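Enquirer: Quick one: the structure is below, and I'll ask about it shortly.
The numbers here are math on the coordinates, done by the rules we state, and not lab data. As the structure is a computational prediction, the values presented were derived from the model and not from experiment. Cβ sites come from the backbone with ideal geometry, for glycine too, and all protein chains shown count toward neighbours.
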Amino acid sequence: MTKNRLYRLLSRTVEIKRGEEVISLLLFFYFFLISAPFTIIKSVRNAKYIIEYTAVRLPIAYLLTAIFMGFVVAFHSKIQARIPRAPLIISSLVSFILSSFAFGILFIKDLGWVPLVFFIWANVFIMVLMTQFWILVNDIFNPREAKRLIGFFVSGGILGGIVGGLSAGVLALYIPDYLLYIAGGMLVVNVGVVTAIFRWRSNTAPSSTKAETTEYLKSEKIKKVGFLDCFNTVRQNYYLKLLAAVVTVTWIVSTFIDWQYNKVIEREVTQTFYISFFGYFNSALLVVPFFIQLLMTSNIIKRFGIRLTLLVYPLMLLLCSFGIAASPTILFALGIKGSDKSLSFSLNQSVRELLYIPISPEVKYKAKIFIDMFLNRLGKGIGALLLMIFILVPTAPSLSIRIVSIMSLVFILLWVVLNLKVSKEYANIIKGKLKKSERADRIVDEKLDVDFMKLVLDTIEDKNRSSILYAMDIFDLVKQDKLTPEVRKLIGYKQDEVRVSSVGMLFEGSESGIAPDFEERLDEGILLKEIKEIMSLDVYQEIMSEYVDKVLVEKDGESETAKMELAKALGFSDFRSPMSEKLEELLNDESTEVSRYAIASAAKLQKREYVPALIEKLESPLTRMDARVALEKYGAKITGTLADYLRDVEIDLELRKEVVATLARVGNQEAADFLLWELEEHREDMDSELIDAMDRIRSAYTDIHFRERSVKTKISEIVKECYKNLIDSYGPISKKSQEDRTGLDMPNHMNTRLSDVFKLLGLIYPHEDIMKSYQNIRTGTKDSVAYAVELLDNLLQKGLKEAIFPIIEDLSIRERVERCRILLQNFPFF
Amino acid sequence: MKINSRKQNDIIIFDIEGEIRRSDISDVTLHQLVKDQLDSGNKKILLNFDKVEFIDSFGVGEILASYISTHNLGGQLKIAKISQKLYLVFQVTMLTKVLDIHDNEEIALTAFLEQ
C-alpha cells in the first residue's frame, strides 16, 4: 500500500497528517501486540490464582506485586540509563517471550507456588512493556500531535485486548495449556514491529525532542540513576507529585473495584468456566471502549480539554460505586468493572499520557518508571492492604462489598480533587516550555533611561555651545545622582579644562568615588529649592523680564543659544512664576533645539497651558519623542484632553495616531477606556495603533481592565477578515499546491492582523501567557508552535479557540482554507 | 552678617562677612546700605563676597534689589569673589546674563575704570 493510500485510509477515522501514517500504524500494532498477549496472560493469571488461592487472597498477590515492583523499578531505571531505547525494548520483549514459554511448562507440572509467581510476573510484564511503549510515544510526539494520535494508538491496545480476550475465551475451552505459547508468539511478532519503529525513527529527521533525548542519554547524570534517584525526581517536583498521587489513588480505587468484581464472580460463576468467563468478559468489555477510543477520544480531548476529560473516568466510577453499594449483584459488578476497564483503557489512559508529554526527557524517564511501574503497583498494594485489614473483620459477603464501595467513593472524591489540581499545573508546565516574550518598547524603557541619555548627549553638545547650558546640564545630572565616573568620562570633563568654576564644584562630590552621603544629597535639594525661590522673587522677575523680552525678539545667530538657555532655565522655576508663561512662546519657536529644551522644561512645570503646544509637537518627527515623554509626565491629568484629540476626526490622522501612542504611555484605566471606546467606533483607520496602545498598557499594568465583550467583538471582526483573506488568497490555488504548502504561510498584511488578535486576547486573558504563545507561534519551531497552541487550548474559551485555531495551527493550506470556509458560515460564534 | 564699606576713587566697596540669610536679618540690610549710598550720590557699587560663608535666596534677593536700585538710578553694580555655589545658582537662574560678576576685586575695579 502506498503512503498516499495509507494516509487516505487512516485519515477517515484519525486526524492524521502526511508523514505520520507509517509511524502511527506501527505504534498502533506495537500497542496491539502488547495488549493482546497480556489479555490472554491476564485471563490465565486470574483463573489460576483464584482456583489455587481463592479471591479472598487476591490482596496478598497485589501486595507482593507492589513490593517486587520496587526491585523492578530499581533494575529498569538502571538499565534504561545505560542501554539505548531499541535494544532495551527488544531485550525486554525477548525475556518475556522466554519466560512465558517457561510458565507454560511449569503450569503443566501443577506446582502450588506457580500461580502466585505467575501473578506477579504478569503484572511486571504489563507494567514494563506499557511504560516502554509510552516512553517511546513521548520521545516521538509533541502535545498537539499526541492529542490527535493518542486515541488511535490506544485503540490499538484496546483492539489487542478484544482479540486477546476472545482468543482466551475460545481457546481456553479447547487448548488451555497452550495459551501462554500463543501469547509468546504474539510477542515475537511485536519484536518485528518494534524493529520497524526504530528503523523509521533513524530514517526521519531528528526533531528537537529527539535531540534532547539523545543528549540526555549521553549525559553523565544518568550514570547514577536508580530507584532513589527516580523517587527524588518525583518528590522534588510538585507536578510529578500530583501525578504520582493521581496514579496511586487511581489504582487503589481500581483494586477495590477488582476485588468487588471478583468477589461477586466467585459467588456466581462456577470454577470450570473461570478462564472462559474471564476471557469472554475481558474481550466483551473492551469492544465498547475500542470504538469510543478510535472514534471519540481525540475529539473529546480536543473539545473539552484535558481538565474535563480527566474528570469523566472518576465521575463514572462514582456513579457505579453508588450502584454497587446499593445492590451488590453480578449485574452491577459487571457494570462497575466494565466502566472501570473501558474508561481506564480509553479516555483515562490517553489523557494521563498527555500529561507526561510536556515534561523534559531528563525528568520524564525517571518519573515515568517510578510512577507507572512502582506507584502503579504500590497503589494496588495499598488498596490490597486496606482490603486485608477489612477482610480480617468477618462480615456477610454482600455487606463487605457494600462497605468496600463506600471506601471507593471516598477515594474517588480525593481523585477528582487531585485531577483538578494536576490539570491546572499542566498549563503551568506548558507555559514553562515557551520562550518569554516582552514588548520591544518595554524592554527599551526598562533597560534604557532615555531621559538620562538625552541629558548626557545634550551635556556633550552644550559643553561647546554655552557655559550656562553646560552648568545647567551638570546640575541636572548631579540632581539625578547620575554624575558617575563613566558619565564624567563620556562628557569629556577635565578639571584643568573647566570653563566655569562653579561646574568644577559640582564634580567635587562625585569625583571622590564615594557615594554622596545624606548631607550632600540634602544640599542638592536645598540648592534646587533656593533656585526656585530666587526665580519666584519679584526682583528676579523684574530684572529678567527685560532680558527675556529681548531674547524672545532677537533673531540673530546667538539668539538661538540664548533662547535654549532661557528655555532650560525656566524648567528650574516654580510653575506659578510669571516668567514660566514665556515658555509657551519658546515651545512654538521655529528652532527645533529651542523647542526641545522648552518641551523638557514644560514636562517639569506641567502647566495645562502648555498641553496644546506639546500635542502639536507630536506632529514633527524632530520633536515627537520629546513631546511624548513630556506628555507622559503630565500623567492622568491630561487623559481627557488627549481623548478630545483622539475623538476629533477633523484632526490629522497621523497626529491622532501619536495621541494614541501618548495615551499608551500615560497608561491608566481612563486611557485604556478611551482607547477601547475609540476602537468600538469601528473607524478602522487606526485599529492597529489603538490595539497596540492597549497592549502596551496591559503589558505594563496587568490590573487594568478591558471590557470583554468589546474586545471579543473586535477579535471576531479581525478573525473574519483573516478567513476572507485566506480564502481569497489561497482559495483559487490548485489542490495539489495547497497540500504542499503548510505552516503559517499567509499574506503579509495578515501577520499584522494576527498580531492584533493576540494583543486583543492579551487584554482579557493573562497577557504574558498570550504573548508567549504568539511569540512561539510566529518564530518558534514546530514543537514550540505545538506547545503554544496547547497553552491557548488550556486558556481560551471554546468559541475563541474554534475561531482562532484554524489560523494558527500547523495545517496544510487546503485544510486551513476549508476550515475557514466552514467557520465563516457560522459567524459570529462567541 | 557684617558689612563694612570703604571708598576707592568714586567706587563704594561693600565687604560682606558671614552668612546672608533670611533668619539672620539685622536692622540694616545690604539693600538698605546700597540705597543709602545711592542717595548720597555714589552710583558705582562693588559688592565683595570674599568672606561670605553662606547666602540663601533672601541674600540673592538683596543683591538683585540692590542691582535694580542702582540700575534705576543709572549707576553700576558689580560683584566680586562670589563662591562657586553662588556662581552656579546665578548660572542656572541665568543671572550671569544680567549681573556683572568678576573673579576678584581688582578685576572688578578695572572694569569700572574701563566703563
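Enquirer: Which entries in A:Lys147/A:Lys366; A:Lys637/B:Lys97; A:Lys337/A:Lys782; A:Lys550/A:Lys657; A:Lys241/A:Lys712; A:Lys582/A:Lys657 show an alpha-carbon gap greater than 32 Å?
Expert: Beyond 32 Å: A:Lys637/B:Lys97; A:Lys337/A:Lys782; A:Lys550/A:Lys657; A:Lys241/A:Lys712.
Enquirer: Moving on. Can you compute 3J(HN,Hα) from phi for each residue in the range B:7-24, using the Karplus curve 6.51 cos²θ - 1.76 cosθ + 1.60 with θ = phi - 60°, rounded to whole Hz and x for Gly and Pro?
Expert: Working through the residues one at a time gives 10, 10, 6, 9, 9, 8, 10, 9, 9, 9, 10, x, 10, 10, 9, 4, 6, 10 Hz.
Enquirer: Okay, next question. Which one of A:Leu414, A:Ile704, A:Phe125 is farthest out on the positive end of the charge dipole of the protein assembly as shown, using unit charges on Cβ (Lys, Arg +1; Asp, Glu -1) and the Cα centre as origin?
Expert: A:Phe125
Enquirer: Using Cβ contacts closer than 10 Å as the measure, can you line up A:Arg819, A:Arg303, A:Arg144, A:Arg377 from fewest to most?
Expert: In increasing order of surrounding Cβ atoms, one gets A:Arg303, A:Arg819, A:Arg144, A:Arg377.
Enquirer: If each of A:Thr702 and A:Glu650 carries a label point 7 Å out from its Cα toward its Cβ, how far apart are those two points in nm?
Expert: With each label point 7 Å from Cα toward Cβ, the separation is 4.4 nm.
Enquirer: Next up: Among B:Asp103, B:Asp56, B:Asp24, which one shows the highest mean-square fluctuation when chain B is modelled as a Gaussian network with alpha-carbon springs under 10 Å?
Expert: Fluctuation is largest for B:Asp24.
Enquirer: Write down the percent of antiparallel bridges among all DSSP beta bridges whose residues are both part of the protein assembly as shown, to the nearest 5.
Expert: Antiparallel: roughly 30 percent of the beta bridges in the protein assembly as shown.
Enquirer: Tell me, what is the FRET efficiency for A:Tyr174 and A:Ile60 to the nearest 0.05, using R0 = 41 angstrom and their Cβ-Cβ distance as r?
Expert: Calculated transfer efficiency: 0.80.
Enquirer: Here's something else I'd like to know. Could I have the simple spin-label model distance between B:Glu53 and B:Asp36, label points 7 Å from Cα toward Cβ, reported in nm to one decimal?
Expert: 2.4 nm
Enquirer: Report the far tail of the P(r) of the protein assembly as shown, meaning the percent of Cα-Cα pairs longer than 40 Å.
Expert: Tail of P(r) above 40 Å: 59 percent of Cα pairs.
Enquirer: Got the relative contact order for the range A:628-679 handy, in percent, Cα pairs under 8 Å and 6 or more residues apart?
Expert: Over the range A:628-679, the number comes to 44 percent.
Enquirer: Something else about it: First measure r as the distance between the Cβ atoms of A:Arg624 and A:Gln797, then evaluate 1/(1 + (r/R0)^6) with R0 = 45 Å and state the FRET efficiency to the nearest 0.05.
Expert: After rounding, the FRET efficiency stands at 0.70.
Enquirer: Report the FRET efficiency, 1/(1 + (r/R0)^6), for A:Leu315 and A:Asn428, where r is their Cβ-Cβ distance and R0 is 25 Å, rounded to 0.05.
Expert: 0.55
Enquirer: Using a 10 Å cut-off on Cβ to Cβ distances, tally the other chain neighbours for every residue of B:81-88 and report the average as a whole number.
Expert: 5
Enquirer: Given H placed 1.01 Å from N in the peptide plane, which residues other than close sequence neighbours of A:Ser812 have an amide H under 5 Å from its amide H?
Expert: Correct list: empty.
Enquirer: Here's a follow-up. How would you order A:799-808, A:526-535 from highest to lowest mean count of nearby Cβ atoms within 10 Å?
Expert: A:799-808, A:526-535
Enquirer: Return the average number of partner chain Cβ atoms within 10 angstrom of each residue Cβ along peptide B:92-105.
Expert: For peptide B:92-105, the averaged partner shielding equals 6.
Enquirer: Got the relative contact order for the range A:3-430 handy, in percent, Cα pairs under 8 Å and 6 or more residues apart?
Expert: Worked out over the range A:3-430, it gives 30 percent.
Enquirer: I'd like the trypsin sites (Lys or Arg not before Pro) in the range A:588-682 restricted to DSSP loop residues with at most 16 other Cβ atoms within 10 Å, sorted by number.
Expert: Those satisfying the criteria are A:Lys607.
Enquirer: Going down the table (A:Lys364/A:Lys433; A:Lys380/A:Lys433; B:Lys51/B:Lys78; A:Lys463/A:Lys568), which pairs top 25 Å between alpha carbons?
Expert: Pairs exceeding 25 Å: A:Lys380/A:Lys433.
Enquirer: Counting only other chains, and only Cβ atoms inside 10 Å, what mean value do you get across the residues of A:526-534?
Expert: Partner-chain Cβ atoms within 10 Å, mean over residues of A:526-534: 5.
Enquirer: Additional query: For the pair A:Phe75/A:Glu590, report the inter-label distance in nm, with labels modelled 7 Å from Cα in the Cβ direction.
Expert: 9.6 nm
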